[in-house]
Amino acid sequence: MTPKATFFDKVGKMKTWQMILYDIFAICLTYGIAIAALSISHVSGFDRRMALYVLPVVIVIKLMVNIFSQVYRLVFQNAGFDEVFKLALAVTIGNIIIAVISIAIPNFNFIPEICLLFTNVFEVFVMVLPRIIKRFLRYLSPKKIYLSGKRTLLIGAGAGGKLVLDEIRNNLEVYNNPIAYVDDDENKIGNIMAGFPILGPIKEVPHIIDNYGIEEVIICIANITNERFQEIIQIVAKRAVTIKRLPKFKNLKKDAPSKKLQEVRVEDLLSREIVKLDNKGIKDFISGKRVLVTGAGGSIGSELVRQIIKFKPKKLLLFDIYENGVYDLQTELNHAMTKKDIDSIDFELQIGSVYNYERLDKLFKNYKPELVFHAAAYKHVPLMEDSSVEAVRTNILGTYNVCSLSDIYKVEKVVLVSSDKAVRPTNVMGATKRFAEMIIQCINSKSETNYSAVRFGNVLGSNGSVVPLFRRQIENGGPVTVTHKDITRYFMTIPEAVSLILQSGTYAKGGEIFILDMGDPVRIYDLAEKMIRLSGMKPHEDIKINVTGLRPGEKLYEELLVDKNNGHIKTDNEKIFIEKITQAENVECDVKEIVDGFEDLTNQQVKELVQKYVTSYTIKK
């Protein structure tokens, strides 16, 4: 709900000519009162008629001073000390000029110079009043003004906290009822800032939320470290409140005022320490190269494109069968280039499928890519269980086409985006991704092209992830569905995963399967509860959580990707390991046998055919 603009809001938006007319009125009022007072007092030597004749000249002089001082270029809608001081200074300078003229020019009888001191104070007051009245009234009655907004707690009683309070007071799009500040500084706790008490310390926030009926918490510490930010949101997330944050000060200029406050999402709650990358190595790897990204419209593919652009490839080719995804990405990139948010580069979209050999062959022939990031794949486990033919067609045949054409056209490096589901797979999606890994190792053993794969787990917010599913279910009023109360998954953010894919590409010498350290597993039931709380509702009361049972091919616990006691090879990046090198199998004949026979098989028979070659695959009945 947004409050309606008041009369004082409209005053704050007066146009320049309206402000000039008001200032003329203020000058006439100020000096009219002074002239009347001097006349009534019968001050000797004061000529009222002369004063009235001179008044128009005084108005012109003062307006010229205001214009020269750029008073009418100041934004007074949210006036602060700086604006008031500049206006007061302009009024004072104008009166000093008039006093000097009055003394220097004979017969320029206006009013006694000593009276200008008192006139100056009153004139400043009259001119400033309409420019600050909105803020003044809100300062006097903050609770009355914001009574129907969300009861809000501001964490951080510093410059960021003041900035957020100003945003709440002055921006009609931000509708909050500030209740108090919270801070860890013992010198601040118990004091008052901008009319609001400072409570603390921050570890007491859950109790403060309970005691004050808080509905929203805003983290107002702009230059906060990621570690401290994580600590604070873990504390706040113990209660059912929405959480917002102020971005870093260096990013504020890029945002419109209404976008200064950012929603804290579950991605922030689960995010980890910042990944350290060898940016120079990645730049040398990509800069000036022709790069092909398959599946460019997907979650991983589109983020690959966004990050690759930063390293200035010679040409970037976006290839996908799903036109809407790459169209949205094209629109995003064109807009960013127009705004100069990113450097302009040569990129092109092509629609097609990786399992269409002829289409792919023309693409390689025309564009001659030097680097290929193969992200095109079917990844949704339950859907592929019922459509195993399509999983084979795209994940196996599509990968074979990309790899074989990369060999023919002398591509420098091919990086396959794989999955943790490929480890001892219990579903056909994982089995086909494992077969795709076998393909890249096979072709790498006899090709000059460098092939590698990167294996990782779930990415937050990707297509098919539980996070967007839970978000939609919460928005619809629930229930949130979890397949098992004890099911756990490893999570990584999309940008983090893609950064590590690019880094792995720089390490690749041929045939490696890189494994990303996914950190600690997350219990999905706990994740659902946290997301409900972050939306400002209580789990099991406002939003129900239903346990529906494991889906076909779904594991209760995902395989541990990085077992540091299992001989995985370390790389220069602490997040990236290499699976112990195994002898590459010659699977080209296997691919041919699968391709020649899989179209006419039943869903179950396709799974059994894949299991013949991926012996670690367990078909669940």
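The values are calculated or read from the model by the stated rules, or taken from the named source; none is laboratory data. Just so we're clear, the structure is a prediction, and the values are computed from it rather than from any experiment. Here the Cβ positions follow ideal geometry from the backbone for every residue, glycine too, while neighbour counts run over all protein chains shown.
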Restricting to the stretch 413-450, give me the number of residues that are assigned to a loop (DSSP other than H, G, I, E, B), in contact with a helix residue (DSSP H, G or I) (Cβ under 6 Å, 6 or more places away or on another chain) and more than 21 Å from SER388 (Cα to Cα). 2
Helices (runs of 4 or more DSSP H) contained in the stretch 310-389 and holding at least 3 residues touching a Gly at 6+ places or on another chain (Cβ under 9 Å) and of a type in the set (A, V, I, L, M, F, W, C): 381-386
If you take the residues of the stretch 313-344 that are aliphatic (A, V, I, L, M) and crowded, with 17+ Cβ neighbours inside 10 Å, which of them is farthest from the chain's Cα centre (by Cα)? ILE321
Wholly inside the stretch 164-239, strands (runs of 3 or more DSSP E) that include 3 or more residues that are over 22 Å from the mean Cα position of the chain (by Cα) and over 27 Å from PRO539 (Cα atoms) are 196-199
When restricted to VAL417, VAL411, VAL392, VAL428, the only residue within 34 Å of the chain's Cα centre (by Cα) and either surrounded by 22 or more Cβ atoms within 10 Å (Cβ to Cβ) or at pLDDT below 95 (or both) is VAL417
Cβ-Cβ below 8 Å, separation at least six or inter-chain, first residue in the stretch 286-307 and in the same structural domain as THR394 (by TED's automatic domain parsing) and at positive phi, second assigned to a strand (DSSP E or B) and not charged (D, E, K, R): which pairs? GLY295/PHE319; GLY295/HIS374; GLY295/VAL417
